[in-house]
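Input: a single structure, listed below in structure tokens.
The values are calculated or read from the model by the stated rules, or taken from the named source; none is laboratory data. If you're wondering where the values come from, they're calculated on a predicted model, not measured in any experiment. Glycine gets a Cβ as well: all are built from the backbone with ideal geometry, and neighbour counts include every protein chain shown.
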């Protein structure tokens, strides 16, 4: 089990496992929080956070869940991070 993110277990297929730490987390709640997760990721990029640091955040975790659940509606967080780096990379 990945100890850096309680509540997530990653195997070969990287499926998300809900636990007691996320009792009421639904796709609808994740979708409602999407603008906030994007804003948080943008702030990390502007502050000069590394990809590794961004991957350890709640916003990254939530963006990953959305992308895995609804890949046609939500881009991969890696792609989103790269796009933000190109746009804001030299701002810090």
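Here are a few things to note about the model shown:
- Residue count for the range 1-51 satisfying the condition of being outside any helix (DSSP H, G or I) and either at pLDDT below 95 or surrounded by fewer than 16 Cβ atoms within 10 Å (Cβ to Cβ) (or both): 29.
- Residue that is surrounded by the fewest Cβ atoms within 10 Å (Cβ to Cβ) [pool: residues in the range 52-91 that are farther than 23 Å from residue 27 by Cα and touching a helix residue (DSSP H, G or I) at 6+ places or on another chain (Cβ under 6 Å)]: 91
- Verdict on residue 71 being in a loop (DSSP other than H, G, I, E, B) and more than 10 Å from the chain's Cα centre (by Cα): yes
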